[in-house]
1. Quote the relative contact order of segment 20-141 in percent (integer), defining contacts as alpha-carbon pairs under 8 Å separated by 6+ residues.
2. If you count the DSSP beta bridges with both ends in the chain, what percent of them are antiparallel, to the nearest 5?
3. Do the sum for the chain: with -39,500 (n - 2.57) for every DSSP H run of n ≥ 4, divided by all residues, what is the mean residue ellipticity at 222 nm, to the nearest 500 deg cm²/dmol?
4. For residue 260 and residue 542 in one chain, what is 0.36 nm times their gap in residues minus the Cα-Cα distance, to one decimal in nm?
5. With the crude spin-label approximation of a point 7 Å out along Cα→Cβ, what separation in nm comes out for residue 477 versus residue 46?
6. For residue 36 paired with residue 437, estimate the spin-label separation in nm (one decimal), with each label point 7 Å from Cα along the Cα-to-Cβ line.
7. What FRET efficiency, computed as 1/(1 + (r/R0)^6) with R0 = 45 Å and r the Cβ-Cβ distance, is obtained for residue 453 and residue 21, rounded to the nearest 0.05?
8. Label residue 70 and residue 341 with points 7 Å out from Cα along Cα→Cβ: what is the distance between them in nm?
């Protein structure tokens, strides 16, 4: 009897599996549904890709479906949606992790990608640098999986893209490994030794929910020394936000890791308590940390902005530092925009993972046969003027933790904020230069720029490129007085950067527009000398040929 029941159970399982397995036609129907829905209801998303490129990719996948395994089709759908390059517009990572993930947590430090956390059975790999996945170098593996990730910018990939390296389905579909398997071999380097380590997949639910850092549990280990907890990771499992007073420094440190309300205290209540503390204690410096804040509800931001603006003792240069990072995303990008626009904060850390203005608030579009959800953004968030949009918000004090600093709980980002000398500092030096120019303070500008170029506090600013951009704005107007002004700007840049091929090329173009072809020729020849085989040199050669014609 038991044997009969067992056989019947198997038959039922096979029957269910047969019913749920989609035909080629059904997958193709899903793809067409997605394509038509996007064209009909979400055509505004065609900003970073064109309708033509999108349709070309759809046709390629449509024709490939008969020869693909199911997981390859799911990854293919993910690639289609990721073309829009808005982080909210995506097919979730879980859709391509159905056969499991590797029991590791990866983190990209300045010198490579490391195994930051592991399931305890893989302790040997903890803290190792990843060299290869299968037979594919880590650099090539990143290149191959990149199209699957809805990469808003490079920071987004660091924050949210590395998890795709732990999905065998993605690894196989993108050609990193030759076959889909529940085991994947990684080549690792640790303590000066290179070795291979085999990892067996686990269910996605077995990995603890973390940001980029592993919170240790009975089953999971982190490479970080857990005898001490740095401020940015304190109370991480029990509080979305908290503050701590560093009395000896008269510094108030705040970590806010969400723009959603905590179950025990709303953000409005938290802000009220925060400002009451500031008003009743000797706080000389506020350090507000959102480097691990992935967003939430934008409407929760306003009380914080109002509270800071109402306190001039805090809202001044050198007294307010705002820490951002690769996980600063979504509603926290909006918060960062508001902080940048309305306060005197100096930004510290890494660039954000969101565009300054962006499409967010995605709707779930369920594909009719597979029931896969494609999340498509429908709200355009624009806190900053269109001309000020950029791939990310960059810090005025750029700091990235190294692997060793992380392991030993050395928070160099916080240390940079605490030690920074803000006297006379301009968080946005290019904007300051533009203001000097537009207000007619050209003499002051001429003395300020060389000082700023030499000041190590402005190492984050590429003055050569940014000043050339300003010169080109003047040059492209076509008005004679503006072209003369561009000559002054480019001449000044050439004195600051005497080996700048870009500057000599631009200066030559300015003289050409003024009708001085002889001077233009001299400058183009100098450009070619400095950049004989580069794009700038080639451009100068083309301009020389046009002069001769």
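1. It comes to 14 percent, rounded to a whole number.
2. Roughly 70 percent of the DSSP beta bridges within the chain come out antiparallel.
3. Numbers: 18 runs with 219 residues, N = 549.
Calculated at 222 nm, the ellipticity per residue is -12500 deg cm²/dmol.
4. Details: separation 282, 0.36 × 282 = 101.52 nm, distance 5.55 nm.
Using 0.36 nm per residue and subtracting the Cα-Cα distance, I get 96.0 nm.
5. Distance between label points: 3.6 nm.
6. Calculated label separation equals 5.2 nm.
7. Numbers: r = 64 Å, r/R0 = 1.42.
That gives a FRET efficiency of 0.10.
8. About 4.7 nm, to one decimal.
None of the figures in this text is laboratory data; all of them are computed from the coordinates on show. Worth saying up front: this structure is predicted, and the values here are computed from it rather than measured. All Cβ positions, glycine included, derive from the backbone under ideal geometry; neighbour counts span all protein chains shown.
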